[in-house]
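This report concerns only the one structure given below.
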Amino acid sequence: MINPVRNFMVGEKEEDKGSSGLIIPKGGSDTFEAYKVISVGPDADEYEVNDVVIFPEDQVNKILYKGKTYNLLCAEFVSAKVSE
């Protein structure tokens, strides 16, 4: 597991589910994506694990560590937080 520092978070890309429950991956020209927060740095204090945030795709730092890809997100660039 990657433990972020400062105002960074680690997130997993969320996928949209259609009304039938089928997963429909985002793609194409979308510039913003939804990420589920799986770990939070000490200075990203307005976010918690399991929050879903909207984040610009071009600001995601992808890290490959021990065969797994992690998405490192800077809290400064979060555009919105999803509330259910």
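A DSSP coil position with no more than 12 other Cβ atoms inside 10 Å describes the following GluC sites (Glu not before Pro) in region 39-74: 46, 48.
Would you mind calculating the gained length between residue 68 and residue 81 on full extension (0.36 nm times residue separation, minus the Cα-Cα distance), in nm to one decimal? Intermediate values should be presented prior to the final figure.
Values: separation 13, 0.36 × 13 = 4.68 nm, distance 2.54 nm.
Gain in length upon complete extension: 2.1 nm.
Values quoted throughout were computed directly from the atomic coordinates according to the rules given, and no laboratory measurement underlies them. Because the structure is predicted, anything quoted here is derived from the model rather than measured. Neighbour counts are summed over all protein chains in view; Cβ atoms, including those assigned to glycine, are modelled from backbone coordinates with ideal geometry.
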